[in-house]
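Everything below concerns the one structure shown next.
Computed from the coordinates by the stated procedures, all read-outs in this text should not be read as laboratory data. Predicted model only: the values in this text are computed from it and were never measured. When we count neighbours, we look across all protein chains shown, and the Cβ atoms used for this are built from the backbone with ideal geometry, even at glycine.
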Amino acid sequence: MPSATPADVLAQRRRLILSGDIDGFADLFAPDAVIEAPFAPPGAPSRLEGREAIREYSRHVMASPLRLQDFEIAEFYQTQEPEVVIVEMRTKGTLTTTGQPFAATSIQILRIREGQIVHFRDFADSRVLEGVTMEPRPGH
């Protein structure tokens, strides 16, 4: 049976994130996978190494007052390298402590090998959350 395509993995990722299935989400990653977030807000890691670190951090995020309501791919680009895709994501959610909605767009670059995410770079603008949490980043 052939491995899941990158589009299949991303569809599964969306379903797992929106259903709150942290273990299923973490299991989409290879044991030695890496997540990089070059524009991570203060207090958030800019790099996670390994499936279990991804699982632990994902549990932390799910325990936060941010609730995702929609998580969709606005654009999907297949690169010349079959394992590498670039996606434009649109995310909508709510800060449960205040009811304040938020919407964010990010660019994500993923390397997906044999149905597992091995490298994930998320270029999200952390300023979106500043307006929701009212906690500006230092120097802004």
* Asked: Which is farthest toward the positive dipole end of the chain among ILE86, PHE39, LEU66, measuring Cα position about the Cα centre, with Cβ charges +1 (Lys, Arg) and -1 (Asp, Glu)?
  -> LEU66
* To do: Within 10 Å of each residue's Cβ, count the other Cβ atoms and sort GLU52, GLU81 from fewest upward.
  => GLU81, GLU52
* What are the semi-axes of the equivalent ellipsoid of segment 16-79, taken as the square roots of 5 times the eigenvalues of the Cα gyration tensor, listed largest first and rounded to whole Å? -> 17, 17, 15
* Order by neighbour count: HIS119, HIS60, fewest other Cβ atoms within 10 Å first, most last. => HIS60, HIS119
* Structure fact -> With +1 on the Cβ of every Lys and Arg and -1 on the Cβ of every Asp and Glu, the dipole magnitude of segment 43-115 about its Cα centre, in debye rounded to the nearest 20, is 300
* To do: Could you give me the percent of Cα pairs per 5 Å distance bin for segment 6-133, shortest bin first, beginning at zero and ending with the bin that holds the maximum distance?
  => 2, 11, 19, 26, 24, 12, 5, 1, 0
* **Positive-end extreme of charge dipole, the chain - chosen from SER126, ALA26, PHE76 (charges on Cβ)** => SER126
* Asked: For segment 6-133, with only Lys/Arg (+1) and Asp/Glu (-1) charged at the beta-carbon, what is the dipole magnitude about the Cα centre, in debye rounded to 20?
  -> 320
